[in-house]
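Remarks on the structure that follows.
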Amino acid sequence: MSDLQTPTIEEIRLYAARHGLQGLPEDQFARLGELAQTVREAGLALPRMPSKEDEPAHLFTMTAPRGTK
Amino acid sequence: MNGPSTAAAFAETATPLHFLSVTEASRLIGSGRLSPVTLVEAFLARIEAIDARLKSYITVTGTRALEAAQKAEAEIPAGRWKGPLHGIPFAVKDNYHVAGLPTTGGSRLMLDYMADATSTAVARLEAAGAILLGKLNTWEYGTGNGGVYHDLPFEVARNPWDLACFTGGSSTGAGASVAAGTAMFALGSDTGGSIRLPAAACGLQGFKATFGRVSRAHCLPNCWTLDHTGPLTWTVEDNAIVMQAISGFDPADPSSADVAVPDYRKSLHAGVKGLVIGFVRDLGAEGEALDDANAQALEDAARVLEAQGAIIREVTLPAPLAHYRSVTKVINWSESYSIHEQDFLERSALMGQALREKMMSGFNVRAADYLAATRLRRSLVDATDALVRSCDALLIAGAFHVAPRFDAPDTVTPFTADTATTVFNVTGHPALSVCTGYDPGGLPLNAQIVGRFFDEETVLRVAQSYEAATPWRSRRPTL
């Protein structure tokens, strides 16, 4: 993961502007860039499922017919 | 009003009214030996006496509570006793809506918000006769990045065992209030451990039931996939009583499960003889962070259950703890961002640093990574469920550390991050944090008892057996 580059301040400003972020305190842009790298690393660290047929867990799968346990 | 006096109730119980358990108070109220008005007055006096230091409440609804207590006081002797919660004072994290009361979510973004609907859980408690004392302190919107920055509109709640220590988050006021006796029980919410971590840090029993068991309707959302609601109590039996009232299908909550609710107290005292308890002693590399006192208490808990007749079988989780944590992080960042996107884009300066940093994380998540997390989650649910179904219950660490000190801020985030609580937000299994004693400094220790889907009954039964065999409920914080 260490070969991932933290975005430059300019890159993160452009990304923020492109996605409509307004009013972020000026001192937070550097942190936004650091977190961009942290999030990218976390995403890449997730093991990928082996089959294209492995579906996501949907939100409402825990329900069972009334009376079951 | 003809109810018995506070002095009489004190004399009868030899315990200050604010430190009675729900079970004890219920017996006294049901038999006419304790007045609900007297009890509510005792709690309001306790709040008045200590909450300026404790900071457990955001809003105290004293007049409303006294009116409800007077109503209960008239109903009970007239033969209209509603059950074990009738006349029992409680409070809720300030992310549960109650019609006619403000909901702040602990946030500057909601300081003017007045709720026009009542959360199902609160409505069910009030229908059972419980009396709301107010709204409790919380991390902003019940979430954050794990840190505490002292930058929210309400001062952070303090741990009653040591006011210099953190309560655990995010249900900070819930943990503080029940331990300190400013509420007899409380409701919190739990996305990665936010019921169980304050329970752990404050020496309580905190229950995150099966996903779908307790309604989330009319509570502020944090992360739809992982959010749960539930009680923090002093005793396991109190927890069973509260769970009885709040559990069950709610058509107003799209994630609610239509599964029958058993009588949680029916087998509560049946013991653990013959039950197979899967003991997760080895948590891999991440488990090395478990501190010595909690590790020893976990071993001791296994021995206590074995001495009660349980069959202890050592087991391991089917995947590294890191996988559950990664899934939690990516899903939580993404869904929370989706909920708060407009506020983040337009007025992030009003957010505290903890929520703003979480939003900055969510702002950067790729859709492919979110879906990778939800796909991995499905495989983790299946594999973990196979493990849970191979036993009657699991015994596993919860929070790895005791409550951190505010003057050592670098230890606050690890308290939130170094846990095995997120495992059961990912899988949806019921998980109860139990107090397993105290470290040499007097701070509470903890472990989790976990059950099969919708088998809260066995979780409570195991926890009750442990609690009854240990002396931890005989100690209270001094404030």
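Read-outs: derived from the displayed coordinates by stated rules, not from any lab. These numbers come from a predicted model, not from an experiment. Note that each Cβ is placed from the backbone with ideal geometry, even for glycine, and that neighbours are counted across all protein chains shown.
Here the Karplus curve 6.51 cos²θ - 1.76 cosθ + 1.60, taken at θ = phi - 60°, turns the phi angles of the stretch B:263-277 into couplings of 7, 5, 8, 4, 10, 4, 9, 6, x, 10, 4, x, 6, 8, 9 Hz, with x standing for Gly and Pro. Considering only B:H429, B:F207, B:F249, whose Cα is most displaced toward the positive end of the charge dipole of chain B, charges sitting on Cβ of Lys, Arg (+1) and Asp, Glu (-1)? It is B:F249, whose Cα lies furthest towards the positive end. Magnitude of the charge dipole for the protein assembly as shown, about its Cα centre and with charges confined to Cβ atoms of Lys, Arg (+1) and Asp, Glu (-1), is about 1080 debye.
Residue-normalised convex hull volume from the C-alpha trace of the stretch B:379-479: 116 Å³ per residue. Of the residues B:M114, B:M351, the one with the fewest other Cβ atoms within 10 Å heads the list, and the complete ranking is B:M114, B:M351. Only DSSP H runs of four or more residues enter the estimate; each adds -39500 (n - 2.57), and after division by the residues of the protein assembly as shown the mean residue ellipticity at 222 nm equals -12000 deg cm²/dmol.
Each residue of chain B gets 130 Å³ once the volume of the Cα convex hull is shared out per residue. Across chain B, Cα pairs under 8 Å and at least six residues apart give a relative contact order of 17 percent.
Computed from point charges on the beta carbon alone (+1 for Lys and Arg, -1 for Asp and Glu), the dipole magnitude for chain B about its Cα centre is near 560 Debye. Expressed as a fraction of 2.2 N^0.38 Å, the value expected for a compact globular protein of N residues, the C-alpha radius of gyration of the protein assembly as shown is 0.93. With neighbour counts taken as other beta-carbon atoms within 10 Å, the residues B:S171, B:S336 rank, fewest first, as B:S336, B:S171. Amide H to amide H, with H built 1.01 Å from N, B:F279 comes under 5 Å of B:R313, B:E314, B:V315, B:L395, counting only residues 5 or more places away or on other chains.
Taken along its three principal axes, the alpha carbon spread of the stretch B:137-296 comes to 44, 41, 34 Å, from the longest extent down to the shortest. Using a Debye calculation, one point per C-alpha and no hydration shell, please list log10 I(q)/I(0) for the stretch B:137-225 at q = 0.13, 0.24 Å⁻¹ in order. Per q value, in the given order, log10 I(q)/I(0) is -0.39, -1.26. Extent of the stretch B:419-459 along its three principal axes (Cα atoms, max minus min coordinate, largest first): 36, 21, 7 Å.
In sequence order, the stretch B:407-412 has phi-based couplings of 7, 10, x, 5, 9, 6 Hz under the Karplus curve 6.51 cos²θ - 1.76 cosθ + 1.60, θ = phi - 60°, and Gly or Pro positions carry x. Based on alpha carbons, the Rg and Dmax found for the stretch B:256-325 are 15.7, 42 Å.
Taken one residue at a time, the phi angles of the stretch B:60-77 give Karplus couplings (6.51, -1.76, 1.60, θ = phi - 60°) of 9, 10, x, 5, 4, 5, 5, 4, 5, 5, 5, 5, 4, 5, 7, 6, 5, x Hz. Gly and Pro are set to x.
Straight-distance candidates among the aspartates and glutamates for linking to B:K208, with alpha-carbon spacing under 14 Å and chain neighbours fewer than 8 residues away dropped: B:D190, B:D227, B:D455, B:E456, B:E457. For the stretch B:122-183, the residue among B:A123, B:G175, B:L152 whose Cα projects farthest onto the positive side of the dipole built from Cβ charges is B:A123. Under the convention that each Lys and Arg Cβ holds +1 and each Asp and Glu Cβ holds -1, the size of the dipole of the stretch B:290-386 around its Cα centre is about 400 debye.
Only beta bridges with both residues in the protein assembly as shown are counted; by DSSP, about 65 percent of them are antiparallel. Ranking of B:T118, B:T229, B:T15 by neighbouring Cβ atoms within 10 Å, starting from the fewest: B:T15, B:T118, B:T229. Scanning residues 5 or more positions from B:I131 or on other chains, those with amide H under 5 Å from its amide H are B:G87, B:I88, B:F90, with H placed 1.01 Å from N in the peptide plane.
Can you find, among B:G287, B:L163, B:P262, the residue sitting farthest towards the positive end of the charge dipole of chain B, where Lys and Arg contribute +1 and Asp and Glu -1 at Cβ? Working it through, the farthest residue towards the positive pole turns out to be B:P262.
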